[in-house]
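The values are calculated or read from the model by the stated rules, or taken from the named source; none is laboratory data. Please read these numbers as outputs of a predicted model, since none were measured by experiment. Cβ atoms come from the backbone with ideal geometry, glycine included; neighbour counts cover every protein chain shown.
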């Protein structure tokens with residue numbers, strides 16, 4: 001049941017997934033299957049996020065995080081920390097209109113990154129670096145955010161994920177005007193060149209939304225960045241969502 005509900009969630013059909021996952025949570029609990037219950041809660045939190053029920057999503061992701069911690073499942077704990085941090089950050093940003101109140105979410109992401117790093121899961125670590133970069137950029141720590149994007153670029157490249165690498169390179173471009181050691185003029189020029197390179201380096205697994213953002217942000221750079229307004233990508237919605245990481249842009253060798 002959990003796998004069927006997860007498939008519905010991936011297909012963008014969260015409401016039936018919520019009902020199925022709640023049933024799965026109950027069945028796993030009745031069968032005293034703590035691991036199954038924890039993973040069902042984890043996916044339930046994501047499904048609730050998709051329906052806009054952020055408070056309930058945070059609650060169930062935190063329940064999953066607690067259960068993974070008790071059973072010492074490092075991978076499950078890292079995943080739960082990552083997504084709980086994302087939803088907590090977005091929940092508080094929706095309330096305040098900014099990313100300023102993201103301290104708890106940031107700590108969860110730091111812990112998730114350490115877990116992914118410890119067990120050698122580059123995919124999880126790379127995406128966690130990008131979520132950390134969003135938090136840091138939204139709190140005017142643009143140089144730290146830029147460094148995190150660079151680390152994510154290397155991590156995605158380590159296992160050949162071009163889709164994730166696209167996002168890391170794009171977020172790097174949005175940060176360069178604010179964080180370049182050479183100043184905003186040089187940073188903007190470098191960002192424009194790197195955006196052009198990214199636009200030309202198309203591939204079948206590129207996120208469709210990212211392709212739109214590359215073009216739109218290029219136009220924004222041409223018109224001129226208002227540095228006093230701060231980093232704009234978050235306000236414009238040009239950051240990866242949960243769906244962005246569901247597909248790996250890894251080339252599959254052909255048989256024969």
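Listed here are the helices (runs of 4 or more DSSP H) enclosed by the range 131-217 that have at least 2 residues being within 26 Å of residue 229 (Cα to Cα) and within 18 Å of the chain's Cα centre (by Cα): 142-158, 162-179.
Residues in the range 42-93 that are over 25 Å from residue 237 (Cβ atoms) and part of a loop (DSSP other than H, G, I, E, B): 72, 73. Is it the case that residue 201 is within 29 Å of residue 242 (Cβ to Cβ), assigned by TED's automatic domain parsing to the domain that holds residue 145 and either modelled with pLDDT of 90 or more or surrounded by fewer than 18 Cβ atoms within 10 Å (Cβ to Cβ) (or both)? So residue 201 passes the test. Summed over the range 94-121, residues that are free of Cβ contacts under 8 Å to residues at least 40 places away in the same chain, part of a helix (DSSP H, G or I) and either surrounded by fewer than 18 Cβ atoms within 10 Å (Cβ to Cβ) or assigned by TED's automatic domain parsing to the domain that holds residue 239 (or both) total 9.
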